[in-house]
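I have placed the structure first, in the form of structure tokens, so that the comments after it can refer back to it.
No value in this document is a laboratory result; all are computed from the given coordinates. Everything quoted here is computed from the prediction, not taken from an experiment. Neighbour counts are summed over all protein chains in view; Cβ atoms, including those assigned to glycine, are modelled from backbone coordinates with ideal geometry.
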Amino acid sequence: MEKIYVRGGNTLQGTIKIDGAKNSALPILAASLLTSGPNLFEDVPALEDVNTICQLLEQLGVEVSWLKPGTLRIDAAHINTCETPYELVRKMRASFLVMGPLLARNGRARVSLPGGCNIGTRPIDLHLKGFMALGAEVVMGHGYIEAMAPRLTGSRIYLDFPSVGATENIMMAATLAQGTTIIENAAAEPEIVDLANYLNAAGANVRGAGTSLIRITGVEALTGTNYTVIPDRIEAGTYIAAVAAAGGQVQLTNVVVDHLKPVIAKFEEVGVTILEQGDGLLVIGNKPLSATDVKTLPYPGFPTDMQAQITAVLTTARGISLVTETIFENRFMHVDELKRMNAKVKIDGRSAVIEGVPRLTGAQVNASDLRAGAALVIAGLAAEGVTEVGNIHHIDRGYHDLVGKLRALGADIWRE
Ligand code: UD1
């Protein structure tokens, strides 16, 4: 099994272009199932999760081809089946995002119960409640969920929690429903806005994305279109964390600064200087790090997908930090690994209490999920000696060439 090795101590210098957002690309590619003509997507990141959704689409009969790196042509004129197999859905939870589009387009969808990152129970009850509110009959059995409705009908849906995936799935399903759907307490993440923009470009009528109330007026059909995916705010945040841990000066290009405001504010508190520069950021790590408190929240709060990375950074910040995870239970699996590197962290319920140490030490560690993997690499950049990160298939799901990009910035890092 391949591993990532990092010898800590080098500062980072140079420029990194941020890729298109994984968490936008996945729902947008799923949404292409609603369209009956060719789509051309730009800035699609080359990631394992993107390969998985492409395989899923192909298995449904969709034509998928990479025209060049980042440019994907998708033609969903013909869909052969409305069933998606366990082998593909178990690889990635976001596969469940095909359910809403398939149901809306074909009147029936049978999707295996999802798998994905090991960060809590992650139910799908809100997705299903939404489909039922739109008039679908939902049946569960043999590890599959089946939903049926000759045509969905618009409805008012209140989400108990602003789930990103449920908002997306219901929004996609509602685009072809008869009448108007209102989603209240909807998620407001930038990726929701990106999906709505794509759907509207394809002929849908979605209003209010980015606020807690989304109104979707159903249309008869959607067509293919050209669409460019927004930059990945979590990839950008991960490189900010890397500079915080290792020190140095790195320019990030292809960034929407607004999407990163909650992340920038926290890293500035920790002692990183972050300057806006055109479509990018200049990140300077030249001061000792200070402890801070972080609480993950739905957007525009601090993203749960940056919690592991900032936890890694805070292990060497002077003072006591408190990191509270409110989105997922069980998302502190990286903490035991960080402790193997000499970090002083105690878990108390949904919080991690971190007492900063002067230096981490390299050790053998394992990635338990995607962002945990990135956090261990970041810790390795700041540690004395070599850190050996195992289970790196998690990292490949969501970071394109993390090792190559960090090497280009001067890190002593390699895969073996
Ligand atoms: C998406 C992101 C993921 C991110 C998360 C939160 C994608 C592909 N993934 O995941 O990277 O960490 O948003 O920002 O975009 N919940 C329920 N019932 C449901 C659905 C969710 O209780 O039906 C709960 C979950 O267990 C979790 C919370 O809601 O505790 C947030 O989950 P959700 O926002 O749905 O995350 P995902 O869409 O799975």
Q) If each residue's Cβ is checked for other Cβ atoms within 10 Å, how do D194, D160 rank with the fewest at the top? A) D160, D194
Q. Going down the list K266/K287; K68/K91; K17/K405; K261/K295, which pairs span over 18 Å between their C-alpha atoms?
A. K68/K91
Q. Based on the alpha-carbon gyration tensor of the range 266-325 and its eigenvalue square roots a ≥ b ≥ c, which shape applies: rounded if a/c is under 1.5, prolate if not and a/b is larger than b/c, or oblate?
A. oblate
Q | Over the range 257-366, relative contact order from alpha-carbon pairs under 8 Å, at least 6 apart, % | A | 22
Q: Go ahead and run the numbers for FRET between E2 and Y158, Cβ-Cβ distance against an R0 of 30 Å, rounding to 0.05.
A: 0.10
Q) With a ≥ b ≥ c the root eigenvalues of the C-alpha gyration tensor of the range 126-173, is it rounded (a/c under 1.5), prolate (a/b larger than b/c) or oblate? A) oblate
Q | Ranked list, fewest to most other Cβ atoms within 10 Å of each Cβ, for C82, C54 | A | C54, C82
**Q.** Counting DSSP beta bridges with both ends in the chain, the antiparallel % (nearest 5)
**A.** 65
Q) Quick one: if the Förster radius is 51 Å, what FRET efficiency do A77 and T211 give, using the C-beta to C-beta distance and rounding to 0.05? A) 0.90
Q.
Relative contact order of the chain, please, whole-number percent, based on alpha carbon pairs below 8 angstrom and at least 6 residues apart.
A. 20
Q. Which whole number of Å³ per residue matches the convex hull of the alpha-carbon atoms in the range 71-201?
A. 128
Q | Considering only the range 159-265, percent of DSSP beta bridges that pair antiparallel, nearest 5 | A | 90
Q) How far is helix 22-31 tilted, in degrees, relative to the longest principal axis of the Cα atoms in the chain, given as a value from 0 to 90 rounded to the nearest 10? A) 10
Q) Q55 to T15: extension gain in nm, 0.36 nm per residue of separation minus the Cα-Cα distance? A) 11.1 nm
Q) Could you give the length gained on full extension between Q277 and M132, defined as 0.36 nm per residue of separation minus the Cα-Cα distance, in nm? A) 47.5 nm
Q) Helix 190-201 versus the longest principal axis of the chain: what is the Cα-based angle in degrees, 0 to 90, to the nearest 10? A) 30
Q: Could you please rank R233, R415, placing first whichever residue has the fewest other Cβ atoms within 10 Å of its Cβ?
A: R415, R233
Q | Unit charges on C-beta of K, R, D, E only; dipole of the range 244-350, Debye | A | 440
Q: First check a/c for the range 282-416, with a ≥ b ≥ c the square roots of the eigenvalues of its C-alpha gyration tensor; if it is under 1.5, answer rounded, and if not, answer prolate when a/b is larger than b/c or oblate otherwise.
A: rounded
Q: Would you please name the trypsin sites (Lys or Arg not before Pro) within the range 1-51 that are DSSP coil residues with at most 12 other C-beta atoms within 10 Å of their C-beta?
A: none
Q | Modelled FRET efficiency - R0 30 Å, D293 with D401, Cβ distances, 0.05 increments | A | 0.35
Q) How much length, in nm to one decimal, is gained on full extension between N200 and K346, taken as 0.36 nm per residue of separation minus their Cα-Cα distance? A) 47.9 nm
Q. Using the Cα atoms of the range 305-380 to build a convex hull, what is its mean projected area in square nanometres?
A. 4.2
Q | Scaled radius of gyration (Cα, divided by 2.2 N^0.38 Å) that the chain gives | A | 0.98
(Q) With n ≥ 4 as the cut-off for DSSP H runs, can you work out [θ] at 222 nm for the chain, using -39500 (n - 2.57) per run divided by the number of residues, rounded to the nearest 500? (A) -9000 deg cm²/dmol
